[in-house]
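A short write-up of the structure that comes next.
The values are calculated or read from the model by the stated rules, or taken from the named source; none is laboratory data. All of these numbers come straight from a predicted model, not from anything done at the bench. Note that we place each Cβ from the backbone using ideal geometry, even for glycine, and neighbour counts take in every protein chain shown.
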Amino acid sequence: MDLRGKYTHIFFDADDTLWENEQYFRDAEARFTELLADYTSPEGVQQMLWEKQEDNIPLFGYGSKTYMIGMADAALDLCEGHLPEHIYYGVKKIITDLAFHELELIDGVVDTLEALQGRYKLIVATKGDLTEQMAKYRKSGLAQYFHHCEVMENKDQRNYLELCAKNDLNPSQLLMIGNSVKSDIAPVVEIGGTAIHIPHEVVWVHEMMDMPESDRIIEVNEIRDILKFLQ
């Protein structure tokens with residue numbers, strides 16, 4: 001599919017598309033599982049944490065702060081309402097390390113953005129905690145390539161329609177690039193847009209779903225490959 005000349009704007013997901021993210025959450029989960037090892041099995045800890053995360057996301061959104069609340073809730077339940085001091089401070093240390101980890105750009109991102117800059121209006125379209133996502137955006141050093149960064153409440157059809165309206169685009173003019181089928185691909189094609197899927201080796205279970213069938217979905221192996229369709 002040749003996309004050259006068809007779009008004026010290109011929207012990029014951030015976490016695990018421009019920079020590494022999910023692996024740090026997996027590492028945090030492993031540390032949390034070890035911290036609660038005396039209370040139940042690793043599978044039991046992971047299941048409890050998953051349930052608490054699903055409960056809290058609709059209330060508090062996405063990001064490390066919600067993860068901290070989920071860990072605290074899970075730890076409190078596993079400790080039967082009596083949270084030992086070392087567990088509390090252990091959770092706090094895990095989340096602090098998660099929130100302030102070094103930001104690692106994914107290979108090929110800078111070269112790709114340099115090749116596209118000036119040809120299109122490049123915009124980051126991410127979701128999560130506004131303060132946290134903007135801090136990562138500024139820390140990444142990639143702001144020089146983008147017109148601006150949109151931190152979305154969620155990434156469903158309604159949010160993408162709002163994104164189109166905000167940028168004076170018809171949904172058919174929306175081109176989204178990202179790693180999550182659930183957040184970056186499916187809702188985009190459902191409203192009539194086009195999506196390029198760049199898989200990441202680590203996928204958050206909350207984001208897992210089967211790839212929908214559509215002739216407006218392009219699948220590539222790495223971010224550099226999008227240049228085949230856009231240059």
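For the range 115-127, a residue qualifies if it is under 19 Å from Gly141 (Cβ atoms), crowded, with 19+ Cβ neighbours inside 10 Å and touching a Phe, Trp or Tyr at 6+ places or on another chain (Cβ under 7 Å), and the qualifying residues are Leu122, Val124, Ala125. Counted as qualifying within the range 87-193 are the helices (runs of 4 or more DSSP H) with 1 or more residues that are closer than 22 Å to Thr66 by Cβ, modelled with pLDDT under 95 and within 15 Å of the chain's Cα centre (by Cα), namely 130-140.
Inspection of the range 130-148 identifies at least one residue that is out of contact with any strand residue (DSSP E or B) (no Cβ under 8 Å at 6 or more places or on another chain), surrounded by 15 or more Cβ atoms within 10 Å (Cβ to Cβ) and under 23 Å from Phe100 (Cα atoms). Residue check: is Ala135 in contact with a Cys (Cβ under 9 Å, 6 or more places away or on another chain) and of a type in the set (A, V, I, L, M, F, W, C)? Criteria not met by Ala135. Taking the criterion of being in contact (Cβ under 8 Å) with a residue 12 or more places away in the chain, farther than 14 Å from Glu20 by Cα and surrounded by fewer than 15 Cβ atoms within 10 Å (Cβ to Cβ), the residues of the range 93-114 that qualify are Asp97, Asp111, Glu114. Residues that are polar (S, T, N, Q) and over 16 Å from Gly128 (Cβ atoms) were ranked within the range 24-65; the one that is surrounded by the fewest Cβ atoms within 10 Å (Cβ to Cβ) is Ser41. Do the conditions hold for Ala186, that is, is it loosely packed, with under 14 Cβ neighbours inside 10 Å and either not assigned by TED's automatic domain parsing to the domain that holds Gly61 or not aromatic (Phe, Trp, Tyr) (or both)? No, not satisfied. For the range 108-131, the set of residues classified as among the hydroxyl-bearing types (Ser, Thr, Tyr) and in contact with a helix residue (DSSP H, G or I) (Cβ under 7 Å, 6 or more places away or on another chain) consists of Thr112, Thr126, listed by residue number.
Quick grid of which residues meet (1) farther than 30 Å from Ile185 by Cβ; (2) acidic (Asp, Glu); (3) in the same structural domain as Ala165 (by TED's automatic domain parsing):
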{"residue": "Ala14", "(1), (2), (3)": "no, no, yes"}
{"residue": "Tyr39", "(1), (2), (3)": "yes, no, no"}
{"residue": "Leu49", "(1), (2), (3)": "no, no, no"}
{"residue": "Lys65", "(1), (2), (3)": "no, no, no"}
{"residue": "Leu78", "(1), (2), (3)": "yes, no, no"}
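Of all residues in the range 77-86, those being hydrophobic (A, V, I, L, M, F, W, C) and at pLDDT 90 or above number 2. The condition (being farther than 16 Å from Ile123 by Cβ, within 17 Å of the chain's Cα centre (by Cα) and either modelled with pLDDT of 95 or more or crowded, with 17+ Cβ neighbours inside 10 Å (or both)) is satisfied by just one residue among His197, His206: His197.
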